[in-house]
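Each reported figure results from applying straightforward, stated rules to the coordinates on display, with no laboratory input. On a predicted model such as this, the values are computed, not experimentally measured, just so you know.
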Amino acid sequence: MSETAPTLFTRIINREIPADIIYEDELCIVIHDIAPQAPIHVLIIPKQPIARLADAAQTDQSILGHLMLVAGDVARRLDVDDAFRLVVNNGADAGQTVFHLHLHILAGVKGSKEFFETDIGG
Ligand code: AMP
């Protein structure tokens, strides 16, 4: 039997590590990023730990759709639904540092063309 250590985000979901949780349902949590790269920077994290988007399977279709719907809902609640970026870093070379799938919502730089053209990897 092989056991893998729980990811950082699983430990946050299990309340073993504190985080600023702004939304939770049976499938995911949403937390403020600890090192925000925009005035609003939150992470949408499935409770089911898929390491990378590229590791998702056909059976993950409904959770992936759920994360997208939560992204839109959270953006509305944060009043940034007219201007936000949704980012998934896939793989270390793309800047992924936590190998538990998560969506970044970045917003709050109204009208900044520069922000919307900036890479957020790494
Ligand atoms: P990525 O680089 O795409 O894997 O994103 C991981 C994100 O998790 C980074 O933006 C980190 O700032 C963020 N992060 C790391 N540790 C924590 C934590 N304890 N609480 C909240 N966000 C975290």
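Show me, for the stretch 74-91, the HN-Hα J-couplings you get by feeding each phi into the Karplus relation (A = 6.51, B = -1.76, C = 1.60, θ = phi - 60°), rounded to Hz, glycine and proline as x.
5, 4, 5, 4, 8, 6, 10, 5, 8, 7, 8, 10, 10, 10, 10, 8, 10, x
Under the Karplus relation 6.51 cos²θ - 1.76 cosθ + 1.60, θ = phi - 60°, what is the ordered set of whole-Hz ³J(HN,Hα) values for the stretch 7-18, x standing for Gly and Pro?
Each residue's phi maps through the Karplus curve to give 6, 3, 6, 5, 5, 5, 4, 7, 6, 8, 10, x Hz.
Decide, for the stretch 21-109, between rounded, prolate and oblate: order the square roots of the alpha carbon gyration tensor eigenvalues as a ≥ b ≥ c, take rounded if a/c falls under 1.5, and otherwise choose prolate if a/b is larger than b/c, else oblate.
Here the stretch 21-109 falls in the oblate category.
Have a look at 100, 41, 66 and tell me which one the Gaussian network model of the chain (Cα, springs below 10 Å) gives the largest fluctuation.
The residue that fluctuates most here is 66.
Out of residues 5 or more away from residue 51 or on other chains, whose amide H comes under 5 Å of its own, with H placed 1.01 Å from N in the peptide plane?
101
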